[in-house]
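Worksheet: one structure, shown below.
The values are calculated or read from the model by the stated rules, or taken from the named source; none is laboratory data. If you're wondering where the values come from, they're calculated on a predicted model, not measured in any experiment. Here the Cβ positions follow ideal geometry from the backbone for every residue, glycine too, while neighbour counts run over all protein chains shown. Note: accessible area is taken over every heavy atom of the protein model, side chains too, but ligands, DNA and RNA are not part of it. Shrake-Rupley method; radii C 1.70, N 1.55, O 1.52, S 1.80 Å.
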Amino acid sequence: MNRTELLSTVLSLSTEFSPREKTDRPAVLAPVQGLTDLMLKLRDHSELSFDMLTVATAIDWIKEGKIELVYILISSTFKHSLQVGALLDREKPVAPSLSSVWAIAEWQEREIFDLFGVRYLNHPDLRRLLLEDDWNGHPLRKDYVDDFMLERPWR
Amino acid sequence: MEITGMTAATMSNTEVPVSSLDERIKFFQNEPQSALATQEYFVNMGPQHPSTHGVLRLVLKMDGETVREIIPVLGYVHRGMEKKAEYIGYRQQVHLTDRLDYLCALMNNWVMADAVERAMKIELNDRILTLRTIFAELQRIQSHQLWWGVFGMDLGAFTPFLYGFRDREKITAIFEDTMGARLTMNYIQPGGLMYDIHPEFPRKVKDFLKYFKPILNEYDELFTGNVIVHQRLKGIGILDGKTAISVGASGPVLRASGVSYDLRKSDPYGVYSKTQFEVPVGTTGDCWDRYIVRMQEMRESIRIVEQLIDNIPEGPTMVMKFGAKIRIPEGIYYNQMETARGILGVMLVADGTEKPYRLHFRTPNFNNLWSVISMAKGLRLADLVAILSSVDIVVPDIDR
């Protein structure tokens, strides 16, 4: 399946997908509500079969006031890949957990929670992954500052 | 000074509960039912433990010598690389990637350099690609040699450790001739290589291959055929292919489970498409299969280097102007390669300036460590050590 075929197959799967611009691979945006069901469709579709969640991370678009969740899916049978994005409200970022779809999402979501502060619904064990439990703030947010940073905007 | 980035007030807005390590340990704690029942207890493996290959802490719930639950505690070598990346340029970032998986420094450099080159659409000549491929394969052999030595030591045999390090030293010396460094080389740069190879490089590599091929058979005689090794590895830590895919395991761990997925074959980069090599695949996915797959990979890497070393094309080793500013057009770029431990990916979010807006590393050990947890439950503590070692964990790669 080439790039355009893949994208049209994904877009025909559900009307809730919309294409995303400025990426180096086929990419779609999905709504946060019902993300788990959409991901299950992508995983179980016979021609897509995205069985590997390679990357799950987030981007803090501070100017737009959004946090974008980025999932890069790969199929181990067809070797093609797809990027799925979901936009969250930056002040109150809540998303459904995908740990029931791919097991590794449990840790990736803990990392995103740790570094971006995204809360996951129905997560089996939501706690910080890399930083201590009592760490203040979420460091990969663009407005995060502390005493040990390379650039200290307050000085 | 006030710390921002989601204050305590906004945190309480969201109603999703957050757990902590203490709560997690309490979750697995249960009282003994009667006076005769065995008492389960918690024990800390690491963060300072020779078998965890770095500062990895595992909180183990033990029943006698049997592991019931594993709670990994990460972050002891978390250096905030992804945050740092937002403050430094692309060229500087390559130097930081050496410190991810320090046994695959050159391959890490390559992923980062390649991500930048693909985003900027820079065409490289054959000399650069061939040399990069040779160095990557030498690095793979070197990494597997160290793994083999340490694997032996984790199982209680000291001799492999000495053998492994003795032979690894020979590749390290070859690297040192060209790059001046032994572990963190910073050699592969966006646009080419830092400098040309040492004039003696092809001869020394050929000498090494001639020396190392019979040594691999010696490894087999010393270790692979040993009956104690067989009993320690066969049928221990079985990871089936479906679970391996679901947890995103990659590299020898995934291939030992019977899934033939190697980026060098399925999505060739460098000059891999011009070389002949096999992808070793296991059947059951136990520690023994992972061992055999890695031993086989060393032989395949030797094959690849042998095909390339005699005809390195001529040409410049840097196609970009030295010190030229790197600006990447706006967009999201993802690039991945096969290191000695699996798929290392770089996700680059560029905004058109000299610094990335966001940089994310998808590291192989992160996913592979998860597979350890699913494998080791219900086995003995000594088996957990064997599994950790067979998966070949490097902790700075997990913590970033």
| query | Under the Karplus relation 6.51 cos²θ - 1.76 cosθ + 1.60, θ = phi - 60°, what is the ordered set of whole-Hz ³J(HN,Hα) values for segment B:236-247, x standing for Gly and Pro? | reply | 9, x, 7, 10, 7, x, 5, 5, 4, 6, 5, 8
| Vicinal HN-Hα couplings computed from phi for segment B:264-277 (Karplus, 6.51 cos²θ - 1.76 cosθ + 1.60; Hz; Gly/Pro x) | 5, 9, 7, 9, x, 10, x, 10, 4, 5, 8, 10, 9, 7
| For chain A, what mean projected area does the convex hull of the alpha carbons give, in nm²? | 10.2
| In terms of modelled amide H atoms, which long-range or inter-chain residues lie less than 5 Å from the amide H of A:Arg127? | B:Ser19
| note | The set of residues whose placed amide H lies less than 5 Å from the amide H of A:Ala27, leaving out same-chain residues fewer than 5 positions away, is A:Arg20, A:Gln83
| Among the listed pairs B:Lys83/B:Lys265; A:Lys79/B:Lys242; A:Lys22/B:Lys242; B:Lys274/B:Lys325; A:Lys22/A:Lys142; B:Lys121/B:Lys206, which are separated by more than 24 Å between their Cα atoms? | B:Lys83/B:Lys265; A:Lys22/B:Lys242; B:Lys274/B:Lys325; B:Lys121/B:Lys206
| message | With just the Cα atoms defining each centre, how far is segment B:51-95 from segment A:16-87? Give it in Å. | response | 26
| Taking accessible area as the heavy-atom solvent-accessible surface of the protein chains with a 1.4 Å probe, which residues of segment A:41-65 lose no less than 20 Å² upon going from the isolated chain to the full protein assembly? | A:Asp51, A:Met52, A:Thr54, A:Val55, A:Thr57, A:Ile59, A:Trp61
| request: For segment A:106-122, just list the computed ³J(HN,Hα) in residue order, Karplus coefficients 6.51, -1.76 and 1.60, θ = phi - 60°, integers in Hz, with x standing in for Gly and Pro. | output: 4, 6, 4, 6, 4, 5, 5, 4, 4, 9, 10, x, 7, 8, 10, 7, 6
| note | On protein heavy atoms with a 1.4 Å probe, the accessible surface that disappears when B meets A, both sides summed and given to 100 Å², is 5400
| query | So, with +1 on the Cβ of K and R and -1 on the Cβ of D and E, and no other charges, what is the size of the charge dipole of segment B:268-362 about its Cα centre, to the nearest 20 debye? | reply | 420
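Let's see if you can work this out: charge +1 on each Lys and Arg Cβ, -1 on each Asp and Glu Cβ, no other charges. What is the dipole magnitude of the protein assembly as shown about its Cα centre, in debye to the nearest 20? Walk me through the numbers on the way to the answer.
Details: 64 positive and 73 negative charges, 174 e Å.
In total the dipole reaches around 840 debye.
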| said: As I understand it, the dipole of the protein assembly as shown uses +1 on the Cβ of Lys and Arg and -1 on the Cβ of Asp and Glu, about the Cα centre. Which of B:Phe175, B:Val111, A:Leu131 lies farthest toward its positive end? | reply: B:Phe175
| note | Whole-Å distance linking the alpha carbon centroid of segment B:274-320 with that of segment B:197-260 is 11
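Assuming R0 = 35 Å, can you tell me the calculated FRET efficiency for the pair B:Leu183 and B:Leu222, based on Cβ-Cβ distance, to the nearest 0.05?
0.85
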| query | Between A:Lys142 and A:Ser46, 0.36 nm times their residue separation minus their Cα-Cα distance comes to what? | reply | 30.6 nm
| In nm, spacing of pseudo-spin labels at B:Arg79 and A:Lys63 (7 Å Cα→C-beta vector) | 3.2
| request: May I ask for the equivalent-ellipsoid semi-axes of chain B, computed as the square root of five times each C-alpha gyration tensor eigenvalue and listed largest first in whole Å? | output: 37, 30, 17
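What FRET efficiency would be calculated for the residue pair B:Val279, B:Asp126, taking the C-beta separation as r and a Förster radius of 30 Å, to the nearest 0.05?
Details: r = 24 Å, r/R0 = 0.79.
In this case the efficiency is close to 0.80.
Which value, in nm² and rounded to one decimal, describes the direction-averaged projected area of the C-alpha convex hull of segment B:211-346?
Working: hull surface 47.4 nm².
Dividing the Cα hull surface by four gives the mean projection, 11.8 nm².
May I ask what percent, to the nearest 5, of DSSP beta bridges between residues of segment A:3-121 are antiparallel?
Values: 20 of 26 bridges.
Taking every DSSP beta bridge with both residues in segment A:3-121, the antiparallel ones total about 75 percent.
Taking all protein chains in place and a 1.4 Å probe, what share, in percent, of the accessible surface of the protein assembly as shown do carbon and sulfur account for?
52
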| task | Helix by helix through chain B, keep the DSSP H runs that span 27 Å or more along the axis on Cα and average at least -0.5 on Kyte-Doolittle, and give those back in order. | result | B:126-154, B:159-179, B:287-309
| request: Provide the gained length on full extension for the span B:Leu379 to B:Lys206, in nm with one decimal, where the gain is 0.36 nm per separating residue minus the Cα-Cα distance. | output: 57.9 nm
| Amide H of A:Val55: which non-local residues (sequence gap of 5 or more, or other chain) have their own amide H closer than 5 Å, using H built in the peptide plane? | A:Ile72
| request: List, largest first, the extents of the alpha carbons of the protein assembly as shown along their principal axes, each in whole Å. | output: 71, 66, 54
